[in-house]
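S.K.: I have a structure I would like to understand better, so I am pasting it below and will then ask my questions one at a time.
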Amino acid sequence: MNYKLFFNPFERYQERFLLRLGLVALCVGSGLAYLFNARFDGVLDLHFVPNIELWHPFLDNLINIACLMICLGALSLLTNKRTRIVDVLAVSLIARIPYYPFSLFNVNDFMVNISEEILKDPTAIMSGGIAIPQLLILLVFSGLSLLAIVWQLVLLYKGIKVASNGKGVMFTLLFVLAIIASEILSKLLINY
Amino acid sequence: MKKLPVHCPSCSETLKVSQLSCENCETLISGSYDLPVMMNLPREDQQFILDFVLSGGSLKKMATQLKKSYPTVRNMLDEVIEKLNLIKNEL
């Protein structure tokens, strides 16, 4: 198995395949988020809520993808005027995939309930107020979600590099700024 | 196929063509000729240019042939162009 494809499918696959995969994943991911009360309220965010409408996760994801497209598209065009927007869209869609499975952690509102317990008594984790299995699941969730963020950032970075042929320290710095800008923009739009 | 040396192994200067021969009548031509710009590229880049021309200059066809995405092939072409420009400026 070629593990490189997990981190950089953009070198190998044509944009049509990537767009289809990204759109299917968006629909499945948003559907799962609706079933398990998850909100993608930012480019780098995932939160669980007690109640949710069907359109919420779809709109969240569309805003996140649009924000990534605007910020990374600007960076790509600044780097290389011949960058195709369809490649930036494919990168924005594919890079969301690592987030989608995390909705499954909220089966039976598990994450909502545990969050409420911790919010009620923040010392519960230290004082043993939370059962060990729950604590373990929380730790696994935290660890995996950190890995998902890293995976998403690697996909975005590699993808934009391929789309725009970006190189050098300046490109990397501008990429970091574009990600921060997209996170702020998405937060503002989703909370509006 | 033997690899054509383009740089002097002793001082790294770009080599010139000083002799050409006809294998049929054994005529020898001596002189000092510059190597074509393309000959200064690595062999894989020369092959890329050849494939590009044979595919009618279509990056999409090249992408299918090389099993790579369109932007990857376009980036490869950009790098070959960059190298050619560097070589042209050096000559």
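S.K.: Mind listing whichever residues of the range A:109-132 are hydroxyl-bearing (S, T, Y) and either touching a residue at least 60 places away in the same chain (Cβ under 8 Å) or closer than 22 Å to A:F36 by Cα (or both)?
M.R.: Within the range A:109-132, just A:S115 meets the criteria.
S.K.: Restricting attention to the range A:27-72, report how many residues are part of a loop (DSSP other than H, G, I, E, B), touching a helix residue (DSSP H, G or I) at 6+ places or on another chain (Cβ under 6 Å) and under 23 Å from A:I179 (Cα atoms).
M.R.: Residues flagged as part of a loop (DSSP other than H, G, I, E, B), touching a helix residue (DSSP H, G or I) at 6+ places or on another chain (Cβ under 6 Å) and under 23 Å from A:I179 (Cα atoms) within the range A:27-72 amount to 6.
S.K.: Sort out which residues of the range A:149-173 are closer than 20 Å to A:L78 by Cβ, more than 14 Å from every other protein chain (Cβ to nearest Cβ) and surrounded by 17 or more Cβ atoms within 10 Å (Cβ to Cβ), and write them in order of number.
M.R.: A:L156, A:Y157
S.K.: Right, here's the next one. Please specify each residue of the range A:159-182 satisfying the condition of being over 13 Å from A:S92 (Cβ atoms) and under 19 Å from the mean Cα position of the chain (by Cα).
M.R.: Result: A:K161, A:F175, A:V176, A:L177, A:I180, A:A181.
S.K.: Now a separate question. Regarding the range A:51-73, can at least one residue be identified that is over 15 Å from the mean Cα position of the chain (by Cα) and closer than 19 Å to A:L18 by Cα?
M.R.: Yes: the range A:51-73 contains one or more residues that are over 15 Å from the mean Cα position of the chain (by Cα) and closer than 19 Å to A:L18 by Cα.
S.K.: Take A:S92 and tell me if it is within 28 Å of A:L177 (Cβ to Cβ), within 14 Å of another protein chain (Cβ to nearest Cβ) and either polar (S, T, N, Q) or not in a helix (DSSP H, G or I) (or both).
M.R.: no
S.K.: What about A:F17, is it modelled with pLDDT of 95 or more and more than 12 Å from the chain's Cα centre (by Cα)?
M.R.: yes
S.K.: Something else: With a cut-off of at least 3 residues that are away from chain A (no Cβ under 14 Å) and on the phi < 0 side of the Ramachandran plot, name the helices (runs of 4 or more DSSP H) lying wholly within the range B:33-91.
M.R.: It comes to B:43-54, B:70-90.
S.K.: Mind checking which residues of the range B:52-65 are surrounded by 14 or more Cβ atoms within 10 Å (Cβ to Cβ) and under 19 Å from the mean Cα position of the chain (by Cα)?
M.R.: B:F52, B:S55, B:L59, B:M62
S.K.: Now, a different point. Given the conditions (1) away from every other protein chain (no Cβ under 14 Å); (2) over 17 Å from the mean Cα position of the chain (by Cα); (3) surrounded by fewer than 11 Cβ atoms within 10 Å (Cβ to Cβ); (4) not β-branched (V, I, T), and given that A:D121 satisfies all but one, which numbered condition is not satisfied?
M.R.: Of the numbered conditions (1) away from every other protein chain (no Cβ under 14 Å); (2) over 17 Å from the mean Cα position of the chain (by Cα); (3) surrounded by fewer than 11 Cβ atoms within 10 Å (Cβ to Cβ); (4) not β-branched (V, I, T), the odd one out for A:D121 is (3).
S.K.: Filter the range A:58-87 down to the residues that are of a type in the set (V, I, T) and more than 10 Å from chain B (Cβ to nearest Cβ), then identify the one that is surrounded by the most Cβ atoms within 10 Å (Cβ to Cβ).
M.R.: Per the criteria, the residue is A:I65.
S.K.: Has the range B:3-17 got any residue that is part of a loop (DSSP other than H, G, I, E, B), touching a helix residue (DSSP H, G or I) at 6+ places or on another chain (Cβ under 6 Å) and either modelled with pLDDT of 95 or more or farther than 30 Å from A:L5 by Cβ (or both)?
M.R.: yes
S.K.: Something else: Which of the numbered conditions does A:F17 fail, given that it passes all the others? Conditions: (1) more than 14 Å from chain B (Cβ to nearest Cβ); (2) free of Cβ contacts under 8 Å to residues at least 12 places away in the same chain.
M.R.: Of (1) more than 14 Å from chain B (Cβ to nearest Cβ); (2) free of Cβ contacts under 8 Å to residues at least 12 places away in the same chain, only one is false for A:F17: (1).
S.K.: Exactly one condition in (1) of a type outside the set (V, I, T); (2) out of contact with any strand residue (DSSP E or B) (no Cβ under 6 Å at 6 or more places or on another chain); (3) away from chain A (no Cβ under 14 Å) is false for B:S21; which is it?
M.R.: (2)
The values are calculated or read from the model by the stated rules, or taken from the named source; none is laboratory data. If you're wondering where the values come from, they're calculated on a predicted model, not measured in any experiment. FYI the Cβ positions are ideal-geometry reconstructions off the backbone, even for glycines, and counts take in every protein chain you see.
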